[in-house]
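K.L.:
Here it is, the structure in full.
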């Protein structure tokens, strides 16, 4: 085993303890903030769920994908690969914009 691999394996338990500690704090905060019924639900069950909800909300609000990718720390390619299934209800607005961009304007 290389020294790098040995070092990584030696650090891994410490990282796992740190993650468990932050997860414990998250769950304590969740229990304090939510009603009993909300806490029993799947709402924000894991910290990642909050991140996923935020990114999905930004995309569905019409924030441009490059901006959302920057905020989320993704490339646009990764963002769209992961979150494309979450984008919904934007067809009407997209068609309106295309129509507006392609129809002759009266002000010429």
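K.L.:
How about the range 29-57: which of its residues are assigned to a helix (DSSP H, G or I) and more than 9 Å from the chain's Cα centre (by Cα)?
P.N.:
29, 30, 31, 32, 33, 36, 37, 38, 39, 40, 47
K.L.:
Enumerate the pairs (first residue in the range 83-108 and assigned by TED's automatic domain parsing to the domain that holds residue 61; second residue anywhere and outside any helix (DSSP H, G or I)) with beta-carbon separation below 8 Å, excluding pairs fewer than 6 apart on the same chain, so at least 6 apart or on different chains.
P.N.:
Filtered contacts from the range 83-108: 90/62; 93/62.
The values are calculated or read from the model by the stated rules, or taken from the named source; none is laboratory data. A quick note: this is a predicted structure, and the numbers were derived from the prediction, not measured. Ideal geometry is used to build each Cβ from the backbone, glycine not excepted, and the neighbour counts take in all protein chains shown.
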